[in-house]
Amino acid sequence: MTFRGIVTAVLGATAWSCAASTALAAPAIRGVAIEQSLEAEPIPAPPADVPLVARLAIDRHVFDGSSASTAWDRLQERLKIYQSSHVAVLLALGTFPSADADVEAWRQFLQMVAERCSGAVAAYQIGAVAAGDEHDVNRYVYLLKLAAVQLRAVESTAVVVQGPIPSGSVEWEARVFAAGAGPYIDAVAIDGLPSSAGPMTTVIEKEKPSGLAIIGPVHLPADPAQAAAQFVETRTRALGTFVHVVAYDGEPAAIAAALSAARRIADLIAADLVTLDERAAVLRFTQAERDVTPSVAHTLLYSLTGFDTFLVYGPAAGATIDLEISVANATNPMVRDLLAGTTQKPLRTQTDGAGKRLRFTLPLADHPLVLDFNFGIGDTYILTSEARKESLPRVEEIIFRYRQAQAAQDAALENYIAHVRIEQHFHPSPADPSYNIVTENRLFADRVGVEWEELSFELNGAKWTANRPAFPLVQPEKVLSLPLDLRLNEDYTYRLDGVEPVSGRPAFVIRFDPVDARRALYRGTVWIDRRSFVRLKVQAVETKLAGPVVSNDETQIYAEAGGLPGRPAWLMNHLVSKQVFLIAGRSVLVERELHFTDVSLNVPDFNAVRTSARASNRIMYRDTDQGVRYLVKKGETRVVSNQMTTSARAFALGADVDPSFDYPLPIGGLDILDFNFLNRDMQLALLYGGVIALGNLQHPNLWGGKFDASIDFFGLAVKSNDDVFDALGRRSGERVNRIPVATGVNIGYQVTPFHKLTGHYELHYDAYFRDATTAADFAIPSDTATNGEGAGSANVAAYQRTKWTSWGTGADFDADARTYTKYDIGLSKDFVFKTFHTIHLNATYFGGRRLDRFSMYQFGLFDATRMHGVPSAVRFAELAMLRGSYSFNLFEQYRFDLFLDQASGRDPRIDDGWHSGRASCPTLTAAPGRRCSRSCC
């Protein structure tokens, strides 16, 4: 490269304001297009260096029925002819189907066209619109996106052209772009003449800066000379504009004359030209020293590929015209007559002292002429793109590329079989052991749907391969519209939030939010691979859930699962979810993990393997639009059952040994959990044990879905002993017998998926009785009802006794204790490792005001302050508890739970000091859930 060439490149790059660089390259199609059909004769081989495009229109209906084979053969033969003559093909596929019932057949036709024409077609034109027949924008854009994804899935480099669109449909086309069509198309075909297309090209250039416009067809007159003149006029006027292709039709002689003229401007047609701001060049036309610049048609052009400058000017009145202009380089200025094919030097050339301000006298003609400032000079063709700054593509383009990659995978992936391990972990309360459920499954997925068979079921390490206990099939509401899916109506908004690595691969970070907050959709983030545009990771929170699942947070990890023809297959590899269930009016966190292994793609005997699984007696499931459903055997086949397992029942048999009772409290009855009680979308949790009953009736979806309400109830049919202990032990003569009954109403409001405000009302009734050991001078409390109201994200409640008279000896009685307050706050954390090893930690503080003997915190079996091995008679007005448990499985038969509880309490009746105590309780449970040993101390 010469020094002069370098200087020219630098000056040329700095002197002119060129189009901004785009993140994705502009489509590689430009030149002259000729209208064609399969019935017409093929275009003859074009002159050398003329970029020629055959816009070949086909009717999809011809490719149906008995004539389909002949039509495909004719199309393939025509494509071979164009390939051999180096003619690019723009395949015009006509209009969109008018009926929704025809969309699937049309989609399959597009896929077949792309597969059969792959490598032989440069561009596909879709979505033709007739004048006065503007389609519904939403449906039109949906079909446009669907077509683009199908075509690009087969041939990723194909150019997608929308249209043709009438040049007058400017407002309609603006709405098409506003509906999100831009990223799915590379160009727009405009039906009209170049002179009428200005407003339409302005819209296209604004909405799709990296695209282009195709205009025409321009009908050429039959006379060859007139045809050549019209061709030069229309094609020259398009130079440097957003119109990269001008289409023509006419008689064969007229087409031949136009192509002959095209040879003389082939370098201009093929060049990447941009229009320059003539004010920077201080351009001025004069005649007889009079400024005639406004009256002379002219365009100043700059070549981004050759770094040359051109001025297209005329026609104008007179024989000559004077030009003043400043350019960075004018090595060999020459006037080119594109119609006659001649060149001549300017009639006069004059430069100033610096050589930048040029003055010319130029000839005029009745057609446009071109002043080429560097005619025939080769070393000004210098590439200086190294300094271009990289920018990120628009989020719509990324989503389109993802959909294109996903459609290509869907087309290549017929089916797959995978092993899926599903783990679920939850903790009902701080004092209860954890539950760990693991199922091993074999998943079958094809283009029809997904189903799987359950190979084994493990509960806390006890394993079943058949006849396992019933387990409620409770799940979040099925989201039918997933992020990134292509649908008629876009349900999500997207925004690009930069680039970050995922598993060492650079990925676009895209945030998505639902358009309609009233529907069950997702909100979150998706990471899309920057190079291949496949999905790498998704983090999403489900919105507008209907109970009993009130929160659902999922993280999905995708990885290569094997190879498909021409591409790897990317499938879900790992899923982690955190779900909050409303059970018995309380929130329970359930953590789930899915691991996908042993994936087999496009299994030849897929149907046979799945049929064998269906013939077995194992439990099977199918994913439906309503959610996961059982696939039950019915004779020799399986059918989807809408009879979901939403309840569980068990016998409750045992005894509670507590000094608060004169004898072990027998418990015998039923334990019921029903998530669809009375088929009313209500939930019933009930423990009826003969002498004791407690439960909760809950409705998880009220007043728009964010509210839930429940009723608690509790009753004890036997007297319990209420004793008082001090530093010397149990106080003699102060025992009181009590029978409690309680109910309450709870109202919850879900502020965020994982933050809830609650309010509750409680009503207790306590009947007090004198014990045989109660001292004669000890007055028992009056029977009383107690009202309590509480609210907040933590638990705060105020209570009022309806009647409260002096009790005992009067020394401990406080009349102000007729009203009192309780509050507590706590934190819990589970650590799960090796599946069936769980460590649970809970720390809770309980406090209050004006608490007396009968309102203090106790350690009862059903109290929130339950402590293993500590009798309910022990009580404190203020309490801090740290509770932990370690659970693991022995020999896949026994579940071992070790509870360790530490508590510090303060009783102002005795002193202001804190008193500590700890308790431990090992428990051994044998499958299928029968407790065989327990010892607490």
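Here, each number is a calculation from the coordinates, and none is a lab measurement. Keep in mind the model is a prediction, meaning the values are calculated, not measured. In this analysis, Cβ positions are derived from the backbone assuming ideal geometry, glycine residues included, and neighbour counts consider all displayed protein chains.
Region 656-934: D in µm²/s via Stokes-Einstein (Kirkwood Rh, Cα pairs, 37 °C, 0.692 mPa s)? Answer from the Stokes-Einstein relation: 156 µm²/s. First select every other residue whose beta carbon is under 11 angstrom from the beta carbon of V420; then total the charges, Lys and Arg +1, Asp and Glu -1. Counting the neighbours of V420, the net charge comes to -4. About the centre of its Cα atoms, region 656-934 shows a dipole size close to 440 debye [charges on the beta carbon of Lys, Arg (+1) and Asp, Glu (-1) only; nearest 20 debye]. Fully extending the segment from D662 to Q76, taken as 0.36 nm per residue of separation minus the present Cα-Cα distance, adds 201.4 nm. Near N737, once Lys and Arg are set to +1 and Asp and Glu to -1 for all other residues with Cβ below 13 Å from its Cβ, the sum equals -3.
Would you please classify the overall shape of region 32-270 from the alpha carbon gyration tensor, given that a ≥ b ≥ c denote the square roots of the eigenvalues, rounded means a/c under 1.5, and beyond that prolate means a/b larger than b/c while oblate covers the rest? It is oblate, given that a/c is not under 1.5 and a/b is not larger than b/c.
Pairs exceeding a 25 Å alpha-carbon distance, out of K537/K578; K145/K208; K578/K756; K463/K634: K463/K634. Applying 1/(1 + (r/R0)^6) with r as the Cβ-Cβ distance of R139 and V62 and R0 = 25 angstrom yields a FRET efficiency of 0.50. The charge dipole of region 511-605, taken about the Cα centre with unit charges on the Cβ atoms of Lys, Arg (+1) and Asp, Glu (-1), comes to about 440 debye, rounded to the nearest 20. For the chain, pairs of C-alpha atoms spaced more than 41 angstrom apart make up 57 percent of the total.
When the Cα gyration tensor is reduced to axis lengths a ≥ b ≥ c, the ratio a/c is 1.5 or higher for region 275-388, and with a/b above b/c it is classed as prolate.
Restricting to the chain, what percent of DSSP beta bridges are antiparallel, rounded to 5? Within the chain, antiparallel bridges account for around 90 percent of the total.
What shape does region 395-641 take by its C-alpha gyration tensor, where a ≥ b ≥ c are the square roots of the eigenvalues and a/c under 1.5 counts as rounded, a/b above b/c as prolate, and the rest as oblate? Verdict is oblate for region 395-641.
Sort out for me the Cα centre separation of region 319-341 from region 125-162, rounded to whole Å. Using only Cα atoms to place each centre, the spacing works out to 43 Å. Taking 0.36 nm per residue of sequence separation and removing the Cα-Cα distance, the D516/D291 pair yields an extension gain of 75.0 nm.
Sequentially through region 252-261, phi angles give Karplus couplings (6.51, -1.76, 1.60; θ = phi - 60°) of x, 5, 5, 4, 4, 5, 5, 5, 5, 5 Hz, Gly and Pro residues having no value and appearing as x. Here each label is just a point 7 Å from Cα along the line to Cβ, and for Y761 and A256 those points are 9.8 nm apart.
Rounded to the nearest 5, the antiparallel percentage of DSSP beta bridges internal to region 286-379 is 95%. Dipole of region 509-596 computed with +1 at Lys/Arg Cβ and -1 at Asp/Glu Cβ about the Cα centre; of S577, Y558, S532, farthest Cα towards the positive end is S532. The dipole here belongs to the chain: it is taken about the Cα centre, uses +1 on the Cβ of Lys and Arg and -1 on the Cβ of Asp and Glu, and is about 1360 debye. Listed peptides 260-272, 591-603, 277-289 appear in the order 260-272, 591-603, 277-289 once ranked by packing, highest mean of other Cβ atoms within 10 Å at the front.
In this simple spin-label model, placing a label point 7 Å from the Cα along the Cα-to-Cβ direction at both A178 and A101 gives a separation of 3.4 nm. Taken along the Cα-to-beta-carbon direction at a fixed 7 Å, the label points for R909 and A340 span 12.1 nm.
Here the gap between N676 and L702, fully extended at 0.36 nm per residue and compared with their Cα-Cα distance, gives a gain of 7.9 nm. For the peptides 228-234, 797-803, the ranking by mean Cβ contacts within 10 Å, running from highest to lowest, is 228-234, 797-803.
In the chain, helical runs assigned H by DSSP with n ≥ 4 each contribute -39500 (n - 2.57); averaged across all residues and rounded to the nearest 500, the mean residue ellipticity at 222 nm is -5000 deg cm²/dmol.
Three semi-axes describe the equivalent ellipsoid of region 517-608; taken as square roots of 5 times the Cα gyration tensor eigenvalues and ordered largest first, they are 32, 17, 12 Å. A protection proxy built from the mean count of other Cβ atoms within 10 Å ranks the segments 614-627, 502-515, 50-63, most packed first, as 50-63, 502-515, 614-627.
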